Amino acid sequence: PWRGQLFIQGQLLCNIALRTPYSSTIPAQLPHNLDINHVMGLSDLKKKLPEAAFGKRNYIENEVCFQGVYFSLYEVEISNKDQYRMDHLVEKLKEKDLAIIKYLQDEAVLILLTSSAL
């Protein structure tokens, strides 16, 4: 799995890992420190991305390809000592119906969603 630190607008939130049971690699190059500065409403995000990206059952193994665009699904792991911080963030994302967006190199985008958004 990929391991690093999640920052929100320059402030350390927690240590984080992304993992999938289907692969030992992450397709995009992720920096060790993920500094998040963007959020987007789920309704806006769903207008921009194909519906297939939001169907958890569509992810055979951990990937969906739709019109030449690949979407990969990973689980977020948080250490026990950081869990309360992440719980607070997840609660806010659910309450306000938001997704966290991180723009990466090579036109890749990391989107952090609550499981209820899928």
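Just a few scattered comments:
- If only the Cβ of Lys and Arg carry +1 and only the Cβ of Asp and Glu carry -1, the dipole of the chain around its Cα centre is close to 160 debye.
- Comparing N37, N80, N15 in a Gaussian network model of the chain (Cα springs below 10 Å), the most mobile by mean-square fluctuation is N80.
- Spin-label proximity, E61 to region 1-38 - amide N less than 11 Å from point 7 Å beyond Cα toward beta carbon: 22-25
- The slack in the chain from D87 to K47, taken as 0.36 nm per residue of separation less the alpha-carbon distance, amounts to 11.7 nm.
- Calculated from backbone phi, Karplus (6.51, -1.76, 1.60) coupling profile of region 56-62 in Hz, x at Gly/Pro: 4, 5, 6, 7, 7, 6, 10
We did not get these values from a lab; they are worked out from the coordinates using the rules stated. The shown structure was predicted, so the numbers you read here are calculated from the model rather than taken from an experiment. Don't worry about glycine lacking a Cβ; one is built from the backbone with ideal geometry, like all the others, and counts go over all protein chains shown.
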